[in-house]
1. Name every residue in region 9-27 that is of a type in the set (A, V, I, L, M, F, W, C) and without any contact (Cβ under 8 Å) to a residue 40 or more places away in the chain, in order of residue number.
2. I'm checking my understanding of the structure. Among residues of region 14-23 that are among the small types (Gly, Ala, Ser) and farther than 10 Å from Leu73 by Cβ, which one is nearest to the ligand (Cβ to nearest atom)?
3. Just to check your reading of the model, which residue among Arg28, Arg45 is in contact with a Ser or Thr (Cβ under 8 Å, 6 or more places away or on another chain) and either of a type in the set (Ser, Thr, Tyr) or within 21 Å of Tyr76 (Cβ to Cβ) (or both)?
4. Which of the residues spanning region 71-87 are free of Cβ contacts under 8 Å to residues at least 24 places away in the same chain and under 17 Å from Val26 (Cα atoms)?
5. Sort out for me the strands (runs of 3 or more DSSP E) sitting completely within region 24-96 that have 3 or more residues that are open to solvent by less than 60 Å² (accessible area, probe 1.4 Å) and near the ligand (Cβ under 9 Å from one of its atoms).
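The values are calculated or read from the model by the stated rules, or taken from the named source; none is laboratory data. What you see is a predicted model; the values in this text were computed from it and never measured. Glycine also receives a Cβ, built like all others from the backbone with ideal geometry; neighbour counts cover every protein chain displayed. Heavy atoms of the whole protein, side chains included, go into the accessibility calculation; ligands, DNA and RNA do not. Shrake-Rupley method; radii C 1.70, N 1.55, O 1.52, S 1.80 Å.
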Amino acid sequence: MLFHVRMDVNLPPSMPEAEAAELKRVERDKAQALQASGKWRHLWRIAGQYSNISLFDVDSVDELHTMISTLPLFPYMTIQVMPLCRHPSSIRDDDK
Ligand SMILES: O=C(O)CC1=CCC(=O)O1
């Protein structure tokens, strides 16, 4: 199952720099492990914003929720999820 996910990061300005840097480091490690597993298919920065657009390929909505809600930055992100299905006019025979 494919999901388009937008994550907008909102770290509180009062958060100490070292704490923010550590959160981002752990977030990166987790995101890269999930990308290596194939579950987190794409990760793109939205130009000019502290936001990303991602494509997840998971077995269930519950799996997606667990994946997203255990991200270290989860408490500081606004997240929008869009389930995707094949478009009848798509000429691609895969979902890559
Ligand atoms: O910087 C972001 O967009 C938040 C984020 C999600 C995965 C990651 O490594 O950073």
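1. Of everything in region 9-27, those that are of a type in the set (A, V, I, L, M, F, W, C) and without any contact (Cβ under 8 Å) to a residue 40 or more places away in the chain turn out to be Met15, Ala18, Ala20, Ala21.
2. Ala21
3. Arg45
4. Correct list: Phe74, Pro75.
5. Counting at least 3 such residues, we get 51-57.
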